[in-house]
Amino acid sequence: MTYVITESCIRCRYTDCVEVCPVDCFHAGEKMLVINPEECIDCNLCINHCPVDAIYAEDDVPDDQKEFIDINAKMSQIWPVLSTKEDPPSDADYWSKIKSKRHILTEE
């Protein structure tokens, strides 16, 4: 099993989760983070450090977020590894309250 980052991360891109990860499984896109399922060691340390509750165990991903399992797997092969905490975007707090953001990923 692996962990999956879902829609809540889009445009928030808080990186508290990266800071506690013992391996380099996080990858950073311009608008969100993803987890490489091949690198994740299922430690679950990241879950409690995500301020927008965007991270789920693969088996617990809500039905309306299942496409993020494939998004994480695919984009983790393209986006660079992120192994240190970064400042979130200046408008992250605004975006953390927006629920429907999936369309933003296709705007890149």
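No lab work stands behind these numbers, since they all come straight from the coordinates. Every value quoted in this text rests on a predicted model; they were computed, and no experiment measured them. Glycine gets a Cβ as well: all are built from the backbone with ideal geometry, and neighbour counts include every protein chain shown.
Odds and ends about this structure:
- Subset of region 1-17 (residues that are under 16 Å from ASP60 (Cβ atoms), of a type in the set (Ser, Thr, Tyr) and either free of Cβ contacts under 8 Å to residues at least 24 places away in the same chain or surrounded by fewer than 24 Cβ atoms within 10 Å (Cβ to Cβ) (or both)): THR2, SER8
- Number of the exception - TRP79 against (1) among the aromatic types (Phe, Trp, Tyr); (2) touching a Gly at 6+ places or on another chain (Cβ under 9 Å); (3) without any contact (Cβ under 8 Å) to a residue 12 or more places away in the chain: (3)
- Qualifying positions in region 80-92 - assigned to a loop (DSSP other than H, G, I, E, B), over 12 Å from the mean Cα position of the chain (by Cα) and surrounded by 11 or more Cβ atoms within 10 Å (Cβ to Cβ): SER83, LYS85, GLU86, PRO88, PRO89
- Lone unmet requirement of (1) under 24 Å from PRO89 (Cα atoms); (2) in a loop (DSSP other than H, G, I, E, B); (3) out of contact with any Ser or Thr (no Cβ under 6 Å at 6 or more places or on another chain) for CYS12: (3)
- Number of the exception - ASP53 against (1) outside any loop (DSSP other than H, G, I, E, B); (2) of a type in the set (Asp, Glu); (3) under 10 Å from the mean Cα position of the chain (by Cα): (1)
- Given (1) in contact with a helix residue (DSSP H, G or I) (Cβ under 8 Å, 6 or more places away or on another chain); (2) surrounded by fewer than 17 Cβ atoms within 10 Å (Cβ to Cβ); (3) of a type in the set (Lys, Arg), number of the condition LYS66 does not satisfy: (1)
- Residue among ASN72, ASN44 that is polar (S, T, N, Q) and either under 10 Å from the mean Cα position of the chain (by Cα) or loosely packed, with under 12 Cβ neighbours inside 10 Å (or both): ASN72
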